[in-house]
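The structure appears right after this line, and notes come after that.
None of the figures in this text is laboratory data; all of them are computed from the coordinates on show. Since this is a predicted model, take the numbers as computed values, not measurements. All Cβ positions, glycine included, derive from the backbone under ideal geometry; neighbour counts span all protein chains shown.
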Amino acid sequence: MRFDNAYIPLPLLWSSPFIRWQGAAADVSALDLAVQVTRDALDAAGYDRAETGQLVLGTTIPQPNTFYAPPWLAARLGMTGVGGPAIAQACATAVACLAQAAAASQLGNGETQLVVTTDRTSNGPLLVYPRSASMGGAPLATNWVLDSFAADPWTSESMLYTAECTATDGGFTREQCDELTLLRFGQYQDALRDDRAPQKRYMRPIVIESRKSRTVLEADEGVSDYSAAGLARLSPSKPGGAITPGTQTHPADGTAGAVVTTGENAARLAKGQPVVRLLSAAFARAEKGCMPKAPAIAAKKALHEAGVQVSALKCVTTHNPFAVNDLWLHRETGFALERMNPLGCSLIYGHPQAPTGMRAIAELAHALAMQGGGMGLFTGCAAGDMGAAAVVEVS
């Protein structure tokens, strides 16, 4: 889908740090986290809540009060007359939310949209489904997070299986995956330079308060310290496979968001800083059991919708839960691996699902701004052999 007048003011595109699951944010509801970080991000940009016509919420893991989540979040943010939809599309949720917001803004005469994405993989809910026909009415119990990670109901296989299938089809070796992970870790370390100056352009701290304490989480928590020797010592996750625990991501907790509006409004809200034009968004599905291939398919669709060639891109960011994702994208598009993810990626800093893509888009926009503007692409995979992509331009 192509958008003609969908823009994001750069100061109103943000992310929290990502906290490794069962870490410091494990006992904070994803909705409470979203309220605090979103409130602080809007305040820091001097955003008037009265401008908001709708709140679009992206979240994939149920939390207390999820049933009422969009209007409840809006009211807690001081927007008592605002509501909106809740969207869940696994790791493609952020792109789905931005596409919804862009379409709603265009169809609603430029109505400004607040997009909030948030998830907590820690302490996932245990769902109990009554079954009257079973012996004694014994219920069916599902662990929302662990059971979903374990297997795709269509293939009965894990996401790790899809990575190994893609590695086999691409002829990618364990050594290539290790090398790619080291490259991505180096890029992430570069984003921490000058006291994390690149990250601080878009990252808002998490503040956890209780009756007895106040904890401020300003940076990602739980990032591993990668080295060539350390990666080489790890055993493959499957015997003879290319993927090890070091070349795949880890679950995390976090939140991220954006304000989507018209070009005129975005320029005013940006207050002299750059604006991000959303040119297109696309979704795609790879063949059964080959999830890491889907981002390349979605990327090609999004580029076609925007009328943009790969050669015109200055930067690409990816949601890459496995190193093979980027290897396959490079093979299919020719875009240089070294030019992807200059400020880090989910392979290194973790993956809270709904906010993952939004953080990557924030990093894409800021990377482009640091290069003087230009066009960029975000693409990433999602459960069910899906992929999502978005093309943006920073000016």
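Cβ-Cβ contacts under 7 Å between residues 6 or more apart (or on different chains), taken from a first residue in the range 208-221 that is farther than 19 Å from L31 by Cα and touching a residue at least 24 places away in the same chain (Cβ under 8 Å) to a second residue that is aliphatic (A, V, I, L, M) and in a loop (DSSP other than H, G, I, E, B), are listed as E221/A24.
The lone criterion from (1) closer than 26 Å to E264 by Cβ; (2) touching a helix residue (DSSP H, G or I) at 6+ places or on another chain (Cβ under 8 Å) left unmet by T66 is number (1). The residues of the range 49-77 that are closer than 21 Å to G110 by Cα, out of contact with any Ser or Thr (no Cβ under 7 Å at 6 or more places or on another chain) and not basic (K, R), listed by number, are A50, Q54, L55, V56, L57, P70, P71, A74. Here V37 passes the criteria (1) in a loop (DSSP other than H, G, I, E, B); (2) under 28 Å from P251 (Cα atoms) except the one numbered (1).
Under the condition of being of a type in the set (S, T, Y) and part of a loop (DSSP other than H, G, I, E, B), which residue from the range 45-98 is farthest from P321 (Cα to Cα)? If we take residues in the range 45-98 being of a type in the set (S, T, Y) and part of a loop (DSSP other than H, G, I, E, B), then T80 is farthest from P321 (Cα to Cα). Put simply, of A252, A282 the only residue that is within 21 Å of A99 (Cβ to Cβ) and crowded, with 23+ Cβ neighbours inside 10 Å is A282. Within the range 126-141, does at least one residue satisfy the condition of being in a loop (DSSP other than H, G, I, E, B), out of contact with any strand residue (DSSP E or B) (no Cβ under 8 Å at 6 or more places or on another chain) and on the phi > 0 side of the Ramachandran plot? The answer is no; no qualifying residue exists. Given the structure, is L343 assigned to a helix (DSSP H, G or I) and in contact with a Leu (Cβ under 9 Å, 6 or more places away or on another chain)? So L343 fails the test. Say we look at the range 99-119 and pick out the residues that are of a type outside the set (D, E, K, R) and in a strand (DSSP E or B); which of these is farthest from I8 (Cα to Cα)? That would be T118. Taken as a whole, the range 238-249 holds at least one residue that is surrounded by 20 or more Cβ atoms within 10 Å (Cβ to Cβ), part of a loop (DSSP other than H, G, I, E, B) and of a type in the set (A, V, I, L, M, F, W, C).
In the set (1) touching a Ser or Thr at 6+ places or on another chain (Cβ under 6 Å); (2) acidic (D, E); (3) over 22 Å from A383 (Cα atoms), the condition left unmet by D119 is number (3).
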